[in-house]
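So the structure is just underneath, and the comments pick up after that.
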Amino acid sequence: MSKENKSVPLEYSTEENELKIFGFWVFLGAEILLFATLFSVYFALVDRTGSGPIGKELFELPPVLVETFVLLTSSFLIGLGVHAMRIGRTKAMIVFYILTLVLGAVFLGVEINEFLTYIHDGATIQTSAFMSSLMTLLGTHGAHVTFGLLWGSGILLQIKKRGLNAKTANKAFIFSLYWHFLDVVWIFIFSFVYLKGVL
Amino acid sequence: MKKKVLIMPAVMAFLTFILSGCQPLMVFDAKGPNAKTLSNTIIFSIIVMAVILLVVYVLLINMLAKYRASKQPADYEPPHEEGSKALEITWTAIPIIIVTVLAIVTVFTTSKVENQQTGYGDKKPLVIYASSSDWKWHFSYPEQGIETVNYLNIPTDRPIEFRLYSFGPITSFWIPQLAGQKYAMSDMVTKIHLAADEEGSYMGRNSNFNGKGFAKMEFETQAMSQDDFDQWAKDVKAHEPKLTEAKFNKLLKTSFVGRESFSSTHLSFSPAPMDMSEHSDSKSKKDDSHDSHDMKGMHMSH
Amino acid sequence: MSMKELFAPMKEPMIFGAGISILVGAIAIVVGLTYFKKWGWLYKNWLTTVDHKKIGVMYIFVALIMLFRGGIDALLMRAQTAIPENGLLNAEHYNEIFTTHGLIMIIFMAMPFIIGLMNIVIPLQIGARDVAFPRLNALSFWLFAAGAGLLNISFIIGGSPNAGWSSYFPLAGIEFSPNVGNNYYAWSLQISGLGTLMTGINFITTIVKMRAPGMTLMKMPMFTWSALITNIIITFAFPVLTVALALMTLDRQFGTKFFAMQDGGMDMLWANLFWVWGHPEVYIVILPAFGIFSEVISTFSRKNLFGYTSMVFSMIAISLLSFMVWVHHFYTMGHGVMVNGIFSITTMLIAVPTGVKIFNWLLTMRHGKITFTTPMLYALAFIPIFTIGGVTGVMLAMASADYQYHNTLFLVAHFHYVLIPGTVFGVLAGYHFWWPKIFGFRLNEKLGKSAFWCIVVGFNVAFFPLFILGLDGYARRMYTYSADTGYGPLSMVSFIGALVLAVGFALLCYNIYYSFRHSPRELTGDPWDARSLEWATQSPVPEYNFAIVPHINQLDEFWYAKKEGRDITAGQYERIHMPNNSGAPMWMAGVLFLFSFFFVFSVWSLVIVFGIATLGFMAYRSFEKDEGHHIEVAEIEATERRLRGEL
């Protein structure tokens, strides 16, 4: 299992690494189903607003645009990070990863602020079926980002301490897959929750 | 040895026949067109299924009788058989044909029981709202302006339309000898169309588990001639108390009650869900068949 | 919640008795382990193992215990309804029992039994050293065990779920079920479900990436195929359950309005989510059984499987259709003719690939040389009995007729006629079939066959009457009925059948003890003269599975090599890399158990503590340096010779 194959990138170089990347893709398949279910719940309940607000009254585009821009950029940066890793520039890679995480934190901050605004306006997760489904969908994505921040920091620490090797490269690469996935989910949220809601 | 397994269902069927005292089973003892359609559908499907079972059983017995090791020479070595296109196509095609036939029967009979029962001239259907709360049933007759609890009287030879909903957990309204069941839910109205051809008393119940008192959640359905029914309705209207909102709310909170009758319905102050156009004017009996709630829950198909 | 409320269920004498006996049993085990100084052995060899075979054995061990718990529930139900107006159980107790019976039998018996067999057999059948992620595999097991534990303590502490295994809202909501029972439901399913999802990912990776050289997809044994398809279904279906349960928790404990009766909530949304997972779940427990029957029937007919390709494609068809039929669980909620018609057709279509499989099995036997071993008996009984379950399934699929079957004992009879001859006979066939592979001796055939006959006869006597009762208007889940319904005699017959069934399971367990004492040691590694790769290695299987990973040229390579006198496991030994044992999965599952337990009771401070501890375990795993270990050539040689009986 520890035999290294030099003809492929470091993160794929052992059999174990290859298994982990494949397994993670399968996991992302399950994650797609998880979010698909949350979207379905949201679509089923979107008009069931009870006495609470409807999406159009609630959504404000500027913060959402900031969130979108920040998350898209972070996804791009982590792509650069993986590229740096592949050409062996550990320092640059670390910088890109740190920037990614910082933008993730900014995204999270804006999102938390958005939630606080909703709650301040009297629209909580208990207000209506629509609010429940909206905040659960956004909250699940936000929880994924939060977990990503912790996970990504852990991997950075390991690279710092142990250098870039087959194991750490594998982890960093898998983390980048996760991050891209969150970006894709956000694009769906942006299009089908916010844009559809305000239009 | 294997044959024991095979004859078991036959033995069981025989036993049941004896034990059930030769009374027809409730579902086959239909007393109205809706239940009769379903009974026929079920009998038809049982016959088709019996034929399929027979084919499988004959094949299995055949294989076990002919190819058991004790019947083969000791040095017999079974051949390699890849499969057979012709056979495999056969046992794919025939089931598809059977499924097609059953599908047609299903769609045809479903639409038959889902619509107003025919064969009663131009008699307009009698509308009855049946709603459940805890472990009791409320029956509101907007046409007669009366309401009953835990018993149901209907006229024979006239189509009847039930509108079902619930003041709590999902229940299922079922009078096996008159019609198949349907759910009563808190946020929409569902419908059952039926008619009774014979006078008599039929068991009705909630068949969907809804908590502690579920087992006892039965009601008697009395089918009577139109004249008797009119007389009964008139008596209730004349002699029973009015159902006030306070009284109704108290009734809702009581878990179990016996039979009760009232000379007004709860529809005016506690209307059926998503049925606004109709209950506010309970005298209009126009039937809107394009219910908006029809597709509820179907947004899930992803 | 006060202590008095917490232990309120113990006021029931029967529950008190059960609680006491569990306590006594637990003390006996602890004392026994201490007295015989077996704690170290238990911890080192079993609790911390990452070996797929041992994990499989533990899965099956727990599944058997759960079979008894669920079986006792079943006996109590049949006893309560054996005579009209019986007072053995009251309504509340009966409601808890049928709820936990369903949950335990599906989630904590059928699934782990199947996953246990997959664990034991799949890596062996494909010639792998272990699963792709051994550590994750251990975590899957321990999460399942934690979930099972959580559900089982509910009946002593706080009260069991009592809204049916499908727990429809609004009944399961906080308004109508204010006690913690349904919180237990949500959390025990949630954590064991996460374990199952990990199993799914693990086995897909294992089967896709770790097959022996030369074993292309169409040369895989049928059980491996069924496992691959099953795990794909798991991976796609379980996230839906995860979401459904999370929403349930939010509704019950945080006042959200998903399934509420006011503020726009939609009760049938729960039913939709539940069955979008729930129907594929049925195929998760049935497809592997199909795989086992394929192996068993072909082995004991001494013939290759008839129509291998169509077997594979019919399973793929079933798995796709399984996601398109969920609405048939509630035809009666008032969809139009159109919707019910479409779902009737998709449902009935499942009969087509299933029929193909039945006929392929029958034709596998043609020109064969059939021997009636215990596993083969289960497979042979499966065909006629399961077919009854199948054709009644088609009857139920007809939406119009379903209006009369829905919520009745006819439905109950149908799904027991599918799940018992399908899943239960399947896992029992596999259990008898693969037992010698794991333990190195066979189960006694005579006892095995006696148990088989009790189970088959008892099953039919217990469940056939329910078809008739259902057609006579007997609604399911009624804790009692009056004498004038006429349901009494047949219900009594059913109870007698259940007793016979119980005798069968008792014999099954006695057989373990008897065979352990008396069965001769099995030295060939291939006691049934079987066909697939797992029989090519020694019994019991050494830690590393195969000293030499064989090269595969065709389906049933091992069989043809035997015929041609080739030894596919010959070659030069090399040192083998193996993963290290770890206690972390068990401890992490323990922490998640406590997390869930305190969540059930809304003790937020401890929820936060154990939540952070869970993250801590994940961080520990990430930072841990674990390179595994190597088994040296000398040790492999010694092991191989010992298992061949040469030492």
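The values are calculated or read from the model by the stated rules, or taken from the named source; none is laboratory data. Just so we're clear, the structure is a prediction, and the values are computed from it rather than from any experiment. For neighbour counting, all protein chains shown are included, and Cβ atoms are generated from backbone atoms with ideal geometry for every residue, glycine included.
What to note about this one:
- In summary, strands (runs of 3 or more DSSP E) completely within the stretch B:166-278 and bearing 2 or more residues that are farther than 21 Å from C:His329 by Cβ occur at B:190-194, B:200-206, B:218-224, B:260-262.
- For C:Pro213: the one exception among (1) touching a Phe, Trp or Tyr at 6+ places or on another chain (Cβ under 8 Å); (2) surrounded by fewer than 24 Cβ atoms within 10 Å (Cβ to Cβ): (1)
- Which listed residue is closer than 27 Å to C:Leu245 by Cβ, within 12 Å of chain C (Cβ to nearest Cβ) and surrounded by fewer than 18 Cβ atoms within 10 Å (Cβ to Cβ), from A:Phe147, A:Phe115, A:Phe192: A:Phe147
- Looking across the stretch C:617-638, the residues that are within 11 Å of another protein chain (Cβ to nearest Cβ), out of contact with any Gly (no Cβ under 8 Å at 6 or more places or on another chain) and surrounded by 13 or more Cβ atoms within 10 Å (Cβ to Cβ) come down to C:Met618, C:Arg621, C:Gly628, C:His630.
- Only a single item in (1) in contact (Cβ under 8 Å) with a residue 60 or more places away in the chain; (2) farther than 15 Å from C:Val240 by Cα; (3) among the acidic types (Asp, Glu) is not met by A:Glu31, and it is number (2).
- Summed over the stretch C:246-275, residues that are hydrophobic (A, V, I, L, M, F, W, C) and facing chain A (nearest Cβ under 8 Å) total 9.
- Restricting the stretch A:26-77 to residues that are under 13 Å from the mean Cα position of the chain (by Cα) and of a type in the set (Ser, Thr, Tyr), the residue that is farthest from the other protein chains (Cβ to nearest Cβ) is A:Thr73.
- Residue list for the stretch C:147-158, filter: assigned to a loop (DSSP other than H, G, I, E, B) and crowded, with 24+ Cβ neighbours inside 10 Å: C:Ser154, C:Phe155
- Annotation note: of B:Lys212, B:Lys216, B:Lys182, the sole residue that is of a type in the set (Lys, Arg), in contact (Cβ under 8 Å) with a residue 60 or more places away in the chain and at the interface with another protein chain (Cβ under 7 Å from one of its Cβ atoms) is B:Lys212.
- Residue match in the stretch C:217-234 (condition: among the charged types (D, E, K, R), in a loop (DSSP other than H, G, I, E, B) and either over 18 Å from C:Leu245 (Cβ atoms) or modelled with pLDDT under 95 (or both)): no
- Restricted to helices (runs of 4 or more DSSP H) entirely inside the stretch A:22-123, those with at least 2 residues that are over 30 Å from C:Lys209 (Cα atoms) and of a type in the set (Val, Ile, Thr) are A:61-86, A:90-120.
- The set of residues from the stretch C:30-61 being assigned to a helix (DSSP H, G or I), over 18 Å from C:Val121 (Cβ atoms) and β-branched (Val, Ile, Thr) comprises C:Val30, C:Val31, C:Thr34.
- Among the conditions (1) in contact with a Ser or Thr (Cβ under 6 Å, 6 or more places away or on another chain); (2) facing chain B (nearest Cβ under 10 Å), C:Phe330 misses just one, which is (1).
- The criterion of at least 3 residues that are crowded, with 22+ Cβ neighbours inside 10 Å and in contact with a His (Cβ under 6 Å, 6 or more places away or on another chain) is met, among helices (runs of 4 or more DSSP H) falling completely within the stretch C:372-449, by C:374-397.
- Scanning the stretch C:299-322 for residues that are more than 15 Å from C:Val356 (Cβ to Cβ) and either more than 10 Å from chain B (Cβ to nearest Cβ) or of a type in the set (Lys, Arg) (or both) returns C:Thr299, C:Arg302, C:Lys303, C:Ser322.
- Residue within the stretch C:252-275 that is part of a helix (DSSP H, G or I) and among the β-branched types (Val, Ile, Thr) present: no
- Among the candidates B:Thr37, B:Thr41, B:Thr92, the residue that is more than 21 Å from the chain's Cα centre (by Cα), part of a helix (DSSP H, G or I), among the polar types (S, T, N, Q) and within 9 Å of another protein chain (Cβ to nearest Cβ) is uniquely B:Thr92.
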